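Comments concern the structure below.
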Amino acid sequence: IEVIDEMAFMGCGNLESITVEEGNPYFHAVNNCLIETATGKLILGCKNSVIPDDGSVRTIGFGAFYECEGLTEITIPASVETIGEDAFSDCAKLKSVRIEDAETPLKMGVLHDGYYVEIKRGPFYDSPLQNIYMGRDIECLSNGEPFTPDTKDEGAFAHKYANTEGLVVKAAIGPKVT
C-alpha cells in the first residue's frame, strides 16, 4: 500500500492499536499512531495513541482521530506544525488537550494538496473539552489567511459543549504564548 486516503478508517472509533509491518517504505507506526513517513503526517490515531514527540509528526491530518470514542486526553508535541479539519472531531470522551510549548504558532485549518482552503469545522468540533493547555500561539487559517474564530465559528475548541451545554472550559496559557 502506497497511499491511504484521509478518513479511510472513518467509523473505527473503538480501534485499540495500530501497527505497520517493519520495513514499509511509506508508513510507520509509533505509539499507536499511523504516520506517513515522507511527509510526517499522522493519518490515524486510536484511543491508546500517544503522538510521538521525536519530531516524526509534523501534521495531524484531516479526521485522524475522528469519532475516536475512547480517547480522553491528548498531547500535541512541539514538532506538530499543523492540525487539519476534524482531526479530533466527535471524540465523545476527549476532555483534555495539551499543546506543548513551542516558538512557532500551531496552524489550524484545512490543508488540501499543500494549500489551505476555507475552514468549515475546527479540529475539535463536537468534542467535550474541559481542560486546555496552550503552550504556543494558535494561528487559524481560512483560504490561507489568518482569522480569529468567534462564538459562531464551529469547532473553536468545542464550541457546542461550551456554548449550548454550559460546560466550563478551563484554559491555561503557557509562557510562549504572545
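Bear in mind these aren't lab numbers, they're just calculated from the coordinates by the rules spelled out. Just so it is clear, the structure is predicted and the values come from calculations on it, not from any experiment. In this analysis, Cβ positions are derived from the backbone assuming ideal geometry, glycine residues included, and neighbour counts consider all displayed protein chains.
Once the dipole of segment 1-119 is set up with Lys and Arg at +1 and Asp and Glu at -1 on Cβ about the Cα centre, which of 25, 14, 43 lies farthest towards its positive end? The residue sitting most towards the positive pole is 14. Considering segment 34-84 at the alpha-carbon level, its Rg and Dmax are found to be 10.1, 29 Å.
Can you tell me the dipole magnitude for segment 28-98 around its Cα centre, using point charges on the Cβ only (Lys, Arg +1; Asp, Glu -1), in Debye to the nearest 20?
Working: 6 positive and 10 negative charges, 33 e Å.
Dipole about the Cα centre, nearest 20: 160 debye.
Once a ≥ b ≥ c are taken as the square roots of the eigenvalues of the Cα gyration tensor of segment 1-101, is the result rounded (a/c under 1.5), prolate (a/b larger than b/c) or oblate (a/b not larger than b/c)? The shape class here is oblate.
Normalised by the residues of segment 60-104, what does the relative contact order come to in percent, with Cα pairs under 8 Å and at least six apart?
Values: 81 pairs, mean separation 22.8, N = 45.
Here the relative contact order equals 51 percent.
If packing is taken as the mean number of other Cβ atoms within 10 Å per residue, what is the order of 95-108, 63-76, 8-21, highest first? If you can, show how the numbers build up before the last one.
On the way: 95-108: 17.7, 63-76: 21.0, 8-21: 13.6.
Per-residue mean Cβ counts within 10 Å order the peptides as 63-76, 95-108, 8-21.
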